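A short write-up of the structure that comes next.
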Amino acid sequence: MDTIPGINQAVAEVIIAETGGDMTRFPSAKHLASWAGVCPGHHESAGRTKNAKVRPGNPYLKGALGLAAFGAVRTKDTYLQARYKRLTSRRGPLRALVAVEHSIITAIWHMLTDNVPYHELGGTYFTQRDPERATRRAINQLNQLGYTVTLNPRKQPA
């Protein structure tokens, strides 16, 4: 479990101690995230979605995940750091941190359920997933700064 960025031996021990290490009691990763208290809140009334805080959960597990997420967003070129940076711009740093906690607990559930090691997607995951979107975003940012952008594709070496 300590192959996940941000998780060291002490945090891993707290996670195993609080969850029991047996993921059969949680039917899905979403159930575990809800029990841990790191899933997004949901408050809707009269068809309007309102701001909601995260639900109360296991305070020890939530604290350990907070430390892990805080460390994970400071690691270079990782998926968790890229996720944090993307979410911080539109949701704010604290909500983005909770989203990283949710990603970590989801990865832990999959690791312990399927008995597989952690697979790091890398810091360029979102750019590789949709390169046209990354191109549009960069062009829009330059246009907002007052530049006119012309794209010329590079020639591939033979």
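The values are calculated or read from the model by the stated rules, or taken from the named source; none is laboratory data. All of these numbers come straight from a predicted model, not from anything done at the bench. Don't worry about glycine lacking a Cβ; one is built from the backbone with ideal geometry, like all the others, and counts go over all protein chains shown. Side chains included, ligands, DNA and RNA excluded: accessible areas come from the protein's heavy atoms. Shrake-Rupley method; radii C 1.70, N 1.55, O 1.52, S 1.80 Å.
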* Pairs with Cβ under 8 Å, 6+ apart, first in the range 137-158 and more than 21 Å from Ser89 (Cβ to Cβ) and of a type outside the set (Phe, Trp, Tyr), second open to solvent by less than 100 Å² (accessible area, probe 1.4 Å) and outside any loop (DSSP other than H, G, I, E, B) -> Leu151/Thr135; Leu151/Ile139
* Taking into account only those residues within the range 1-43 that are in contact with a Gly (Cβ under 8 Å, 6 or more places away or on another chain) and open to solvent by 60 Å² or more (accessible area, probe 1.4 Å), which is nearest to Gly123 (Cα to Cα)? -> Asn8
* Mind checking which residues of the range 1-39 are on the phi > 0 side of the Ramachandran plot and over 17 Å from the mean Cα position of the chain (by Cα)? -> Gly20, Gly21
* Subset of the range 9-36 [modelled with pLDDT under 90 and not in a helix (DSSP H, G or I)] -> Gly20, Gly21, Asp22
* Asked: For the range 56-84, how many residues are within 10 Å of the chain's Cα centre (by Cα) and part of a helix (DSSP H, G or I)?
  -> 8
* To do: State whether one or more residues within the range 136-143 are under 30 Å from Met23 (Cβ atoms) and open to solvent by less than 100 Å² (accessible area, probe 1.4 Å).
  => no
